[in-house]
Ligand code: SAM
C-alpha cells in the first residue's frame, strides 16, 4: 500500500468514527443509546477495516456501508457493528460467541473488548480467509470454525454474550441455551431479504428471557434456522 493510500485510510477512518458517533445520536430514540462507550470507540479505532475488504473495495473500506466479501455475503455497516457491539455490553473477562464470521471484522472488534471470541462461519472459504487475516493482524484471542452456527458451539459454552450477524427467522434455541444467566444475545430477527428487527435478548439469573427491539436492519439470512 502506498503512503498516500495509508494516509487516505487514516483520514477516512477518523471520519468514519465521527459518522458512527453521529448516527448513534440520531438513532438514540429508537435504540435507547445516546452515545457509544469509549471502549467500543477505541476498539473500532484500533481495527483496520481495510484489512478485511478485498483489494477492489479499498476505496470504500471506511465508508459507513456494508460491502461485498464474495459468495453473496457482506461485511456489515460499521455503525451497525458498533451498535451491536455496544448492545452486547462486553466486559474484559467475557467469552463471547459470534455466528457469521464473514470477513472477520466484527470478531476483530470484539477481540479488543473481551477475553476470548469464538466465531462460526458456514462458508469454509470465508472462515479460512478470516482466520488468515486475523493471524496476520496478530489477533490471538479469536478462534474461527467453519460450521453451522444455528447449533452454537456446545464445547465452548456457556457464553457471556452471543452476537449473530445474519438474520434469523427466530432466535435459535441452542443459542439461548448456550447463553449464561445474565448474558445477552444480540440478533437480527425477521424474514430473509426484508427489513428485520435488531433485538437484544437478556437471560436473567433465573433463566427468564426478556426481549427488546432496537432498530430496523437488513442482514443476509442465517441459513438453516428454519
Ligand atoms: N460479521 C461479519 C463481518 O464482520 O464481516 C459479517 C457477517 S455477514 C453479514 C453474515 C455471515 O453469516 C455470512 O458470512 C454468512 O455466510 C454467515 N452465515 C449465514 N448463515 C450461517 C450459519 N447458519 N452459520 C454460520 N454462519 C452463517
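The values are calculated or read from the model by the stated rules, or taken from the named source; none is laboratory data. The structure presented is a predicted model; accordingly, all values stated were derived computationally and were not measured. We place every Cβ from the backbone using ideal geometry, glycine too, and count neighbours over all the protein chains shown.
Of everything in the stretch 113-132, what is part of a helix (DSSP H, G or I), in contact (Cβ under 8 Å) with a residue 12 or more places away in the chain and either more than 11 Å from the ligand (Cβ to nearest atom) or closer than 18 Å to residue 78 by Cα (or both)? Give them in sequence order. Result: 128, 130, 131. So which residues in the stretch 160-186 are away from the ligand (no atom under 14 Å from the Cβ) and within 20 Å of residue 214 (Cβ to Cβ), if there are any at all? If the condition is that a residue be away from the ligand (no atom under 14 Å from the Cβ) and within 20 Å of residue 214 (Cβ to Cβ), then 160, 161, 176, 179, 182, 183, 184, 185 are the ones that fit. Scanning the stretch 178-194 for residues that are surrounded by fewer than 13 Cβ atoms within 10 Å (Cβ to Cβ) and outside any strand (DSSP E or B) gives 191, 193, 194. Residue 53 meets each of the listed conditions (1) free of Cβ contacts under 8 Å to residues at least 40 places away in the same chain; (2) over 14 Å from the mean Cα position of the chain (by Cα) apart from (1).
Matching residues to (1) within 12 Å of the ligand (Cβ to nearest atom); (2) in contact with a strand residue (DSSP E or B) (Cβ under 8 Å, 6 or more places away or on another chain); (3) at pLDDT 95 or above; (4) farther than 18 Å from residue 141 by Cβ:
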site	(1), (2), (3), (4)
39	no, no, yes, no
42	no, no, yes, no
68	yes, yes, yes, yes
73	yes, no, yes, yes
91	no, yes, yes, no
98	yes, yes, yes, no
101	yes, yes, yes, no
107	yes, yes, yes, no
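Filtered by the rule that a residue be out of contact with any strand residue (DSSP E or B) (no Cβ under 6 Å at 6 or more places or on another chain) and within 24 Å of residue 123 (Cα to Cα), the stretch 179-203 gives 191, 193, 194. The single condition among (1) at pLDDT 95 or above; (2) more than 27 Å from residue 55 (Cβ to Cβ); (3) surrounded by fewer than 19 Cβ atoms within 10 Å (Cβ to Cβ); (4) touching a strand residue (DSSP E or B) at 6+ places or on another chain (Cβ under 9 Å) that residue 206 does not meet is (1). With the requirement that a residue be within 11 Å of the ligand (Cβ to nearest atom) and surrounded by fewer than 23 Cβ atoms within 10 Å (Cβ to Cβ), what does the stretch 77-89 give you? Those that are within 11 Å of the ligand (Cβ to nearest atom) and surrounded by fewer than 23 Cβ atoms within 10 Å (Cβ to Cβ): 77, 80.
Of all residues in the stretch 31-67, exactly one satisfies the criterion of being exposed (fewer than 14 other Cβ atoms within 10 Å of the Cβ) and under 22 Å from residue 193 (Cβ atoms), namely 65.
Quick one: in the stretch 138-159, of everything that is away from the ligand (no atom under 13 Å from the Cβ) and in contact with a helix residue (DSSP H, G or I) (Cβ under 9 Å, 6 or more places away or on another chain), which residue is farthest from residue 99 (Cα to Cα)? In this case the residue turns out to be 140.
Checked against (1) buried (at least 16 other Cβ atoms within 10 Å of the Cβ); (2) within 16 Å of the ligand (Cβ to nearest atom); (3) within 29 Å of residue 49 (Cα to Cα), residue 214 passes all but condition (2). Of all residues in the stretch 113-137, those being surrounded by fewer than 24 Cβ atoms within 10 Å (Cβ to Cβ), over 18 Å from residue 162 (Cβ atoms) and in contact with a helix residue (DSSP H, G or I) (Cβ under 8 Å, 6 or more places away or on another chain) number 3.
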